[in-house]
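These notes concern the structure reproduced below.
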Amino acid sequence: MIDIKIIRDHFEDYKKTCERRGCPVNLDTVLELDVQCRQLNQEIDALRADRNRLSKECQTNPAAREEVKKLKVTLGSKENTFNELQEKLYKMLSFLPNTLSADVPDGLDDTANVEIRKVGTIPEFDFPIRDHQQLGELLDIIDTQRGAKVAQTGFYYWKGKGAQMAQALFFWVQQQLVARGFTLFMTPCVAKERTLFGTGYLPFFADQTFNLKDEDLALIGTSEQTLVGYHADDVLEGKDLPLCYTAYTPCFRTEAGSYGKASKGIFRVHQFHKVEQIIFCKPEDSVKYHDFCLENEEYILQQLGIPYHVVNVCVGDMGAPGYKKYDIEAWFAGFGGYREVTSNTNLTSFQSRRLNIRYKDGDTRDYVHTISATAVTDRVLVAILENNQQADGTVIVPEVLRPLCGFDKIEPVKK
């Protein structure tokens with residue numbers, strides 16, 4: 001939720017931000033409603049003061065009793081009008097985006113994202129390159145057909161050594177984050193509407209949500225929702241910040257509108273698995289911890305030997321809750337290009353205002369800032385398959401995962 005003071009005090013600047021983001025909300029109307037609400041609130045306070053003063057005179061002054069009755073009617077009418085205006089204002093505010101960092105690039109989509117750096121060497125092959133779907137079938141480690149039979153298209157199985165490598169990857173990443181100061185969680189896989197609204201997934205990503213019929217619950221699209229929601233309505237101790245949380249969960253998204261080569265195989269699916277990084281920090285520290293999460297993401301990919309580049313995400317490719325966002329796009333040999341594997345967003349106080357998460361530190365009372373950053377998803381496994389393939393289809397397991405896997409390569413199944 002955007003702070004209404006930003007609209008009052010920096011109206012023209014914030015209006016430009018909304019225009020850059022293509023926000024459909026009329027900001028002039030928002031400001032008018034705010035003025036009306038504040039004026040009406042002053043009138044209500046004055047009427048309440050008069051009512052309280054006259055109430056003390058009622059026992060000795062019959063005229064005062066009549067005045068109190070009239071005031072109650074007037075007060076009730078104004079309070080009803082105030083509540084209606086407040087609700088209308090709140091709904092409009094709920095659709096307003098976060099402010100933007102000064103260095104967020106302009107642009108309509110991911111083609112305008114600005115590369116910051118490239119890391120690693122893109123593999124070269126002297127044989128026909130297979131994509132992960134072909135490798136998964138050859139190695140008998142990915143089964144999309146039975147995923148569709150059991151559920152529907154967009155669901156799949158990891159099996160055999162593929163499932164072992166997947167579990168090894170997710171466990172290893174959790175170990176790395178715990179060693180870096182993160183507290184490990186196992187969270188619910190469903191969340192209430194308030195939680196989804198508070199984290200900014202509603203109303204902005206409503207079409208990506210799997211809702212449970214006749215329940216105030218939806219399947220989570222990321223453990224960001226449950227980890228940030230964990231502290232709803234809490235007042236945190238400043239001395240305890242930052243709080244660094246991580247969790248491994250299945251994630252569910254409708255992926256409405258996905259199609260084409262980019263969604264071939266299991267790259268873009270309805271259910272995937274993710275290890276998430278969440279940080280609650282003081283406002284002055286959010287830039288530092290945004291960078292900290294990026295360092296963790298890069299360390300993981302470097303240890304896995306996956307080439308990648310980091311991009312500064314443009315305004316058109318950033319969700320409304322984000323203040324600044326980095327994506328890491330790994331190289332996919334079978335795809336023949338870079339594709340997103342992690343996203344890392346500084347959300348400033350956008351989520352904490354919607355969920356009422358504050359901190360106290362001496363005389364300071366303020367909303368915390370939140371950072372939400374992917375650590376790893378199944379897409380990293382896809383990159384491992386495509387980049388580590390051999391001429392016969394064998395895939396070499398990254399060295400850091402071998403102790404957990406118990407093998408150093410996955411070979412084609414002999415038929």
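The table that follows gives values for the structure above.
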quantity	calculated
Selection from L33, T246, T99, by position along the positive dipole direction of the chain (Cβ)	L33
Scaled radius of gyration (Cα, divided by 2.2 N^0.38 Å) that segment 108-233 gives	1.39
Per-pair calculated FRET efficiency, R0 = 22 Å: Q145 and K409 via Cβ, rounded to 0.05	0.30
Share antiparallel - DSSP beta bridges, segment 110-410, percent rounded to 5	90 percent
Two-decimal Rg/Rh across segment 128-182, once Rg and the Kirkwood Rh are taken from alpha-carbon atoms	1.14
Electrostatic dipole magnitude of segment 1-45 [Cβ: Lys, Arg +1; Asp, Glu -1; Cα centre; debye, to 20]	260 debye
Given charges at Cβ of Lys, Arg, Asp, Glu: segment 110-410 dipole, positive-most of I410, C281, V310	I410
Amide H within-cut-off set for G319, under 5 Å, with H built and near neighbours excluded	none
Residues F350, F205 arranged by fewest to most Cβ contacts within 10 Å	F205, F350
Volume of the Cα convex hull of segment 232-356, divided per residue and given in Å³	139 Å³
Cross-link pairs K91/K213; K118/K409; K192/K264; K149/K213; K91/K324; K91/K239 - those with Cα-Cα distance over 30 Å	K192/K264; K91/K239
17 Å Cα-Cα reach of K72 towards lysines, excluding residues that sit fewer than 8 places from it in its own chain	K56
Lys, Arg +1 and Asp, Glu -1 on Cβ, resulting dipole of the chain about Cα centre, debye, nearest 20	980 debye
Candidates F125, F272, F185, ranked by Gaussian network fluctuation over the chain, Cα under 10 Å, top entry	F125
Loop-exposed GluC sites (Glu not before Pro) per DSSP, neighbour cap 10 Cβ within 10 angstrom, longest uninterrupted part of the chain	216-415
Positive-end residue of N344, F182, G147, charge dipole of the chain with Cβ unit charges	G147
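Since every read-out is calculated from the coordinates, none of them should be taken as a lab result. Just so you know, these numbers come straight off a predicted model, no measurement behind them. Glycine gets a Cβ as well: all are built from the backbone with ideal geometry, and neighbour counts include every protein chain shown.
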